[in-house]
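The values are calculated or read from the model by the stated rules, or taken from the named source; none is laboratory data. This one's a predicted model, so the numbers in the text were calculated from it and none came from an experiment. Neighbour counts are summed over all protein chains in view; Cβ atoms, including those assigned to glycine, are modelled from backbone coordinates with ideal geometry.
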Amino acid sequence: MIKRRIIPCLLINDNILVKTVQFKNPKYVGDPIMAVKIFNDKEVDELIVIDISKNDNINFDLLTKLANQSFMPLTYGGHIKTMEDAKKILNIGFEKICINSVVLENKNIISDFAKAFGSQSVVICINIKKDIFGKHCVYDTKTKKITNLDPCDYAASIEKLGAGEILLQSVDKDGLMKGFDIELITKISKTVSIPIIALGGAGNITDLELALQSGASAAAAGSLFVFYGPHKAVLINYNNNS
């Protein structure tokens with residue numbers, strides 16, 4: 001039986017830990033290195049780190065420090081553009097790389113990375129936002145625009161090119177802590193056979209369970225693991241029995 005994974009997702013903006021709401025207004029949360037240390041102590045299944053800085057460069061020094069502090073599998077996404085970028089990140093100690101905008105520009109990079117590092121190391125992030133008619137569409141974080149790409153077709157094409165996993169993120173649900181987009185998770189899970197990590201909207205353990213029951217292989221969350229209580233006080237937390 002495949003172990004169901006619960007994964008904290010850390011957002012980094014200009015070297016600090018932040019949290020967004022619907023991909024906007026990053027709020028300061030704390031120090032990413034300290035967060036990794038705390039999640040180590042809490043025996044987290046694995047950790048996803050995504051850099052959303054406007055600066056288009058990868059901070060390899062910070063990634064090295066994070067990898068050195070971590071005793072859990074790490075996935076990194078943000079500003080990865082070349083084979084050399086990916087190789088350096090994996091050599092630092094990250095198990096997986098996560099790519100997004102670069103795939104919208106050149107889908108063949110998936111097969112290039114899969115051949116070089118193995119599909120198990122290649123995670124493709126698909127950001128989804130509903131259009132004015134309520135239809136799910138692939139969202140481009142680089143242009144900040146909704147594309148005309150159908151999420152199911154896009155996910156299927158990514159799988160064929162050799163992706164090992166999909167990080168499926170709802171822009172509309174991000175940071176609201178009101179539950180995942182279950183309809184979206186269900187649709188994509190019925191389309192592909194590779195594992196899906198659901199992200200965006202988790203507010204409690206029940207939300208995580210619903211995502212897993214709807215076809216996700218793993219449930220990820222940001223706000224749930226860095227905020228506590230009705231006033232969203234910053235407190236790194238994780239229930240390792242979830």
**Message:** Just the residues that are within 19 Å of residue 88 (Cβ to Cβ) and either touching a Pro at 6+ places or on another chain (Cβ under 6 Å) or aliphatic (A, V, I, L, M) (or both), please, taken from the range 48-76.
**Reply:** 48, 49, 50, 58, 62, 63, 66, 67, 74
**Complete:** Pairs returned, first residue in the range 75-88 that is more than 10 Å from residue 99 (Cα to Cα) and in a helix (DSSP H, G or I), second residue that is among the acidic types (Asp, Glu) and modelled with pLDDT of 95 or more, beta-carbon separation under 7 angstrom, 6 or more apart or interchain, are 83/112
**Fill in**
Given (1) in contact with a Phe, Trp or Tyr (Cβ under 7 Å, 6 or more places away or on another chain); (2) surrounded by fewer than 18 Cβ atoms within 10 Å (Cβ to Cβ), residue 118 misses just (1)
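Can you tell which of 112, 140 is within 19 Å of the chain's Cα centre (by Cα), more than 14 Å from residue 192 (Cβ to Cβ) and either crowded, with 16+ Cβ neighbours inside 10 Å or without any contact (Cβ under 8 Å) to a residue 60 or more places away in the chain (or both)? Talk me through it step by step, then tell me what you get.
Numbers: 112 fails: within 19 Å of the chain's Cα centre (by Cα).
When all the criteria are applied, what remains is 140.
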**Request:** Please indicate, with yes or no, whether at least one residue in the range 33-44 is part of a loop (DSSP other than H, G, I, E, B) and among the basic types (Lys, Arg).
**Result:** yes
**Message:** Could you go through the range 168-181 and let me know if any residue there is among the hydroxyl-bearing types (Ser, Thr, Tyr) and more than 18 Å from the chain's Cα centre (by Cα).
**Reply:** no
